[in-house]
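What follows is one structure encoded as structure tokens, with my remarks underneath.
The values are calculated or read from the model by the stated rules, or taken from the named source; none is laboratory data. Keep in mind that what you see is a predicted model, and the values were worked out from it rather than measured. No Cβ is skipped: glycine too gets one built from the backbone with ideal geometry, and neighbour counts run over all protein chains shown.
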Amino acid sequence: MRTLLFLADGFEEIEALATVDILRRAGIDVTTVSVTKKKTVVGKMGVPVTADSLFEEADTSNVEMLILPGGPGVSFLDQHEELKNLVKEFHKDNKWITAICAAPTVFGKMGLLESRKAVCYPGLEGDLKGACVQSEAVVVHDGNVITSKGPGTTFEFALKIVEVLKGVDKAREVAKNMVYHKDEWN
């Protein structure tokens, strides 16, 4: 099972890197993809990360999920027409599209969250056009959209991805091995 996680300068490091780490612990193939035309992408806190692939070179065949981390870099994701076309294609084909923090606003501005339950970073709800804004840390809607609130919800977000792709038992196993406690699993 393949996933793609997109990076733009100003990405929220914890959301991107912890998600990649947790997915790889679960045995999920996650490829980081730069939308900047350069492999080194610099996060919000100044951490440089070398992406696995440039967007122009990314293999999108047999990919089950797209993942958008938040941070100020979301504005670059929102301006990347090829990425938005890929998101539309996945959405149309009922494949997974996921976003955390400010990134759900990309889906919202595209009209993909209309009449769907969703969350985003507090204060940005106005960009979730037509969405039914929720209060939970992570929301799964209609079997193909996952949204989450921000850096502090990253573990829940990533573990929800593990759960939908590999099952709740795998998500519990990964959480336990990381000494992460989740009340509703007990």
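Residue pairs, Cβ under 7 Å, 6 or more apart or interchain, first in region 159-181 and on the phi > 0 side of the Ramachandran plot, second at pLDDT below 95. List them.
none
Conditions (1) closer than 22 Å to Glu13 by Cβ; (2) of a type outside the set (S, T, N, Q); (3) surrounded by fewer than 17 Cβ atoms within 10 Å (Cβ to Cβ), marked per residue:
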{"residue": "Gln79", "(1), (2), (3)": "yes, no, yes"}
{"residue": "Lys84", "(1), (2), (3)": "no, yes, no"}
{"residue": "Trp96", "(1), (2), (3)": "no, yes, no"}
{"residue": "Ile100", "(1), (2), (3)": "yes, yes, no"}
{"residue": "Gly143", "(1), (2), (3)": "no, yes, yes"}
{"residue": "Pro151", "(1), (2), (3)": "yes, yes, no"}
{"residue": "Leu165", "(1), (2), (3)": "no, yes, no"}
{"residue": "Asp169", "(1), (2), (3)": "no, yes, yes"}
{"residue": "Val179", "(1), (2), (3)": "yes, yes, yes"}
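Among the residues of region 134-143, write down those that are part of a loop (DSSP other than H, G, I, E, B) and either modelled with pLDDT of 95 or more or among the aromatic types (Phe, Trp, Tyr) (or both).
Result: Gln134, Ser135, Glu136, Ala137.
Filter the strands (runs of 3 or more DSSP E) completely within region 1-110 down to those with at least 1 residues that are under 14 Å from the mean Cα position of the chain (by Cα) and more than 18 Å from Glu163 (Cβ to Cβ).
2-7, 29-34, 63-68
On the basis of being at pLDDT below 95, in a loop (DSSP other than H, G, I, E, B) and either under 14 Å from the mean Cα position of the chain (by Cα) or small (Gly, Ala, Ser) (or both), does Gly123 make the cut?
It is false that Gly123 is at pLDDT below 95, in a loop (DSSP other than H, G, I, E, B) and either under 14 Å from the mean Cα position of the chain (by Cα) or small (Gly, Ala, Ser) (or both).
Just checking, which of Ala131, Ala118 is modelled with pLDDT of 95 or more, crowded, with 24+ Cβ neighbours inside 10 Å and within 16 Å of the chain's Cα centre (by Cα)? Working first, answer last.
On the way: Ala131 fails: within 16 Å of the chain's Cα centre (by Cα).
Matching residue, one of Ala131, Ala118: Ala118.
Look at Pro48 and say whether it is in contact with a strand residue (DSSP E or B) (Cβ under 7 Å, 6 or more places away or on another chain), under 11 Å from Leu5 (Cα atoms) and of a type outside the set (S, T, N, Q).
no
Among the residues of region 132-158, what is the count of those that are in contact (Cβ under 8 Å) with a residue 24 or more places away in the chain and among the small types (Gly, Ala, Ser)?
4
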